[in-house]
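Each value in this text was obtained by applying a stated rule to the coordinates, not by laboratory testing. Every value quoted in this text rests on a predicted model; they were computed, and no experiment measured them. Here the Cβ is made from the backbone with ideal geometry for all residues, glycine too, and neighbour counts use every protein chain on show.
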Amino acid sequence: MTEDRPGSALQAGSQWYDNEAGPLVRPYAMTGGRTKPGPTGVRFDLIALVTLDTAAPRVDDDTSLGPEHRALIDLCRVETQSVAELAAGADLPVGVVRVLLGDLLELGCVTVSRPVPPAQLPDERILREVIAGLRAL
């Protein structure tokens with residue numbers, strides 16, 4: 001049953017599927033309509049590690065940062081986290097987190113380090129030989 005009173009959450013024509021959800025903010029509103037992380041050229045893989053740059057003066061003083069930017073900063077303040085962990089911790093879509101991280105990277109608030117590519121990791125056979133050699137000592 002819908003109520004037709006003005007100000008009611010369930011007015012006729014309302015598209016709410018869950019009354020407790022309240023007003024939703026669309027992802028494009030959080031990123032200003034942007035879908036790419038900006039001109040930084042950094043690719044934010046899901047396993048890329050994001051670290052807060054505490055030497056950056058803008059981390060705590062910048063009033064141009066939105067609440068989503070600040071949430072990511074707070075999550076990075078505790079420890080270095082991957083992009084996937086930040087998205088889960090902030091409860092934001094990964095695409096939005098990538099755009100917001102691009103903003104923070106341009107401001108110098110965070111640093112991003114990419115994991116070592118699998119081709120540069122030591123071969124499993126070599127590691128097993130090292131372990132066998134250590135056990136022989």
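Take the Cβ atoms of Asp53 and Gln120, set R0 to 30 Å, and the FRET efficiency comes out at 0.75.
Per-residue Karplus couplings for the stretch 42-47, computed as 6.51 cos²θ - 1.76 cosθ + 1.60 with θ equal to phi - 60°, are listed in order as 7, 8, 8, 5, 4, 9 Hz, Gly and Pro entered as x.
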